[in-house]
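Only the coordinates and a few stated rules stand behind these numbers; no lab work does. This is a predicted model, so every value here is computed, not measured. All Cβ positions, glycine included, derive from the backbone under ideal geometry; neighbour counts span all protein chains shown.
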Amino acid sequence: NYKSPCKLALANRIIAESTVVLKNDGGVLPLKKSDNIALIGSQACAKDPIAQGAGSGWNGFACNKVPKINVRDGIAGLDGGPALPCPTAGGDSASAAQADVVLAVVSAAKASEGSDRSTLQLDAGDAALIRKYAALGKKVVVATNAPGPMITSTWDANVAAIAVSWLPGQQNGRGIAMALFNEEYEASGRLTVTFPRCSTEACTQADERSSVALGDQIDNHAYLKYTDKALIGYRWYQANNIPVSYPFGFGLFAYGSAQVSYSNAANAPSGGGVKVTCTLSHSGPRAGLDVPQLYLKFPPSVATPGWVQPKWVLKGFDKVMLNPSEPKVVTFALTARDLSYWDDGPGRSLWVCAPGQFTACVGANSRDAEQQACTMFSAPCAGQAGA
């Protein structure tokens, strides 16, 4: 029964804890119920908020029976939550000029079966409203549903905070409200995709396409023979040294109230694989959920006609509660398969455990790990096939 209280409570928790805080200048998040908040944006009071996918991602039969909650109603439904006025039809608010915090609730367009997204940017009207109030010096908090990668670089420079909540389904606004106010659950998600940076401030369609992976192929409707091989997603941006707004795996710890330190990386053989350990700690004012990520660099000896070697490959992650000044050791188990590459040389087509020296680094995201705690080792299974 998807309408049972326990299922709805679980949905709220999933939405809140998967929300990614990308920015939080001045500690404006979590919001306070006593704040003078003005709502703007096309999704703030939407009767049908963009909270689910389309095509195979559509669950309309269930959601028609249980309407999706918008953020305005989600905030009002919190214990002691304020009943905020809805924006005008154009998304603006007469009370925004006097507000302490301007909360912009927006979303980029989503794709469907048979139709791709025409842009990774916000609706022009929503982006203009965000820039308008940021230019007036307001504390602008942007809460956005993201159907995938987004370009934020056309409006994010002067906003106070950004929270990304994906397409969370019928409880949409309730879970987002809980994340924004840190009600019961902490916004502790991390990006599962790269948020690219547009090559220009104007970010025309041509500029946007030149900034994203394979953007030059978007208008090519002919059969494509992809040559990127293993260089997909974040690996492509790193291999080509492309600057991005927010890298794969990014997300602020404890609403940005502290920075986690990763240290004392070590390794030990474990069967045919390797165990990697790392110590996490912080000295901030509050406990929080961190997501340490292990990235692996394969030995330079790995080179076959079918292998395009990524700079770093995510091989493990965890989610742990960290209390201030209480270090915690996390362990990642790398199997023989984790240490293998696909050899499709003549007469091969099999997994081979790579010979040579690996580097494993633990950090906060795909661009951060190599600056943090690293350890080097050779695989116990080196040279073995069929891992």
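Miscellaneous remarks
- Among all positions in segment 164-181, there is at least one residue which is of a type in the set (A, V, I, L, M, F, W, C), in a loop (DSSP other than H, G, I, E, B) and in contact with a strand residue (DSSP E or B) (Cβ under 8 Å, 6 or more places away or on another chain).
- One residue from A206, A187 being free of Cβ contacts under 8 Å to residues at least 60 places away in the same chain, more than 30 Å from T375 (Cβ to Cβ) and among the aliphatic types (A, V, I, L, M): A206
- Subset tally (residues that are buried (at least 17 other Cβ atoms within 10 Å of the Cβ) and under 24 Å from V320 (Cβ atoms)) for segment 360-387: 15
- Here D318 passes the criteria (1) within 21 Å of G189 (Cα to Cα); (2) in contact with a Pro (Cβ under 8 Å, 6 or more places away or on another chain); (3) surrounded by fewer than 15 Cβ atoms within 10 Å (Cβ to Cβ) except the one numbered (3).
- Residue in segment 347-355 that is buried (at least 19 other Cβ atoms within 10 Å of the Cβ) and not in a strand (DSSP E or B) present: yes
- Those residues of segment 141-162 which are in a strand (DSSP E or B) and in contact with a Lys or Arg (Cβ under 9 Å, 6 or more places away or on another chain), in sequence order: V142, N145, A161, I162
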